[in-house]
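The values are calculated or read from the model by the stated rules, or taken from the named source; none is laboratory data. Predicted model only: the values in this text are computed from it and were never measured. Cβ: placed from backbone, ideal geometry, glycine included. Neighbour counts: every protein chain shown.
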Amino acid sequence: MENIVEMTSGFSGAQIENLLNEAMLHALRDNREVIKDLDLEYIADRLLTGWQSTELKYSDDIVNRIVIHEMGHALVGFLSSDHSKLVKVCLNLGSPKNPGYTVFESNEENLNIYTKEGLLSHLIVLLCAYRDWETDRK
């Protein structure tokens with residue numbers, strides 16, 4: 001139950017109902033009668049990013065760049081004392097528009113109201129970039 005509460009922070013009642021219904025269908029397609037945490041996470045990720053095809057459309061090089069990019073956001077956020085808690089890093093390679101994302105805990109009461117330090121750390125996390133070390137060495 002705690003996982004559902006954390007996972008659905010900011011969801012409406014209808015969105016929570018949809019999450020549970022889709023997770024139930026996902027479990028049934030896998031010939032199970034019990035919903036597992038993995039079902040909930042899989043469906044929550046799909047609800048966040050949309051229901052794209054699951055075909056891999058990226059080369060190994062692009063996948064590596066996506067991974068490094070998202071890990072950059074995660075590490076900078078994790079190491080920043082003024083940033084929200086890191087929740088997870090997700091690769092969504094079936095999505096042409098959102099192949100990866102990093103999720104930080106949201107505090108609804110302080111959403112978009114930052115201290116100077118909090119705003120600076122938020123901007124740094126958003127702007128952290130991957131540097132192509134192979135290109136720089138040549």
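Structure notes:
- Selection from segment 1-34 of residues that are in contact with a helix residue (DSSP H, G or I) (Cβ under 7 Å, 6 or more places away or on another chain) and on the phi > 0 side of the Ramachandran plot: GLY10
- Boolean, SER95 is touching a Ser or Thr at 6+ places or on another chain (Cβ under 8 Å) and either over 21 Å from GLU6 (Cα atoms) or modelled with pLDDT under 75 (or both): yes
- Positions within segment 14-34 being surrounded by fewer than 12 Cβ atoms within 10 Å (Cβ to Cβ), of a type in the set (A, V, I, L, M, F, W, C) and farther than 16 Å from LEU47 by Cβ, in sequence order: VAL34
- Test: residue in segment 76-90 that is touching a residue at least 24 places away in the same chain (Cβ under 8 Å) and more than 30 Å from LEU123 (Cβ to Cβ): no
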